[in-house]
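Only one structure is covered here, and it is reproduced in the block below.
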Amino acid sequence: METIISIIIVAVAVVGILSVIYNVTQKGINPVMELKACELGQAMIDEIMLKRWDEDTPLGGGHIDVSLANIGTEAGETNREDFDDVDDYDGYSDGTSSEPLKDEAGNVLTGFTGFSRSVTVTFEKPTGAPSGINTNNYKKITVKVTLPTGEEINFVSYKTNI
Ligand SMILES: [Ca+2]
Ligand SMILES: [Ca+2]
């Protein structure tokens, strides 16, 4: 029984690592624009992936009872600098009239006029995940970068409850 459990945990971990997907929804994007979009998308994905899987995940990581997991901010977490777990970012967007594009430290980014980003976080299993594991052990993080041309590039990553 111990062997089976450890194999499943390894499988979950591998799926989590391999499932960063760059999903270009439209072809033929100007390469300079595409590079800038990738910079914005990758920076946001990196920032989010370094956060805890859930508010209840211990510092340093670790599995929690799946019934505790949720999507959304906790009390007092109204600004991006307050976000401390991946699902706090659900619904966050910048590059809007009220929220300029910023880096993780809160510095306004220049050179990205017309770009915007929006984040959604949902419970979703990556393709190929083991069938016996509750879907709510997986959070799918999607960062949508919209280019000045209106084209969109989605950056998708999964974080698992381990
Ligand atoms: Ca949260
Ligand atoms: Ca939180």
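Every number in this text was worked out from the coordinates using simple rules, so none of it is lab data. Keep in mind that this is a model prediction, so the values were computed, not measured. As a convention, Cβ positions derive from the backbone with ideal geometry for all residues, glycine included, and neighbour counts pool all protein chains shown.
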Charge-dipole axis of the stretch 73-162 as Lys and Arg at +1 and Asp and Glu at -1 on Cβ define it, positive-most pick from 155, 114, 73:
155
Listed with the fewest Cβ neighbours within 10 Å leading, 156, 108, 143 appear as 108, 156, 143
Nearest-20 debye value, the stretch 15-162 charge dipole, Cβ charges on Lys, Arg, Asp, Glu:
680 debye
Between the stretch 124-162 and the stretch 96-119, how far is it from one alpha carbon centroid to the other, in angstrom?
22 Å
Just want the ordering: 101, 40, from fewest to most Cβ atoms lying within 10 Å of their own Cβ.
101, 40
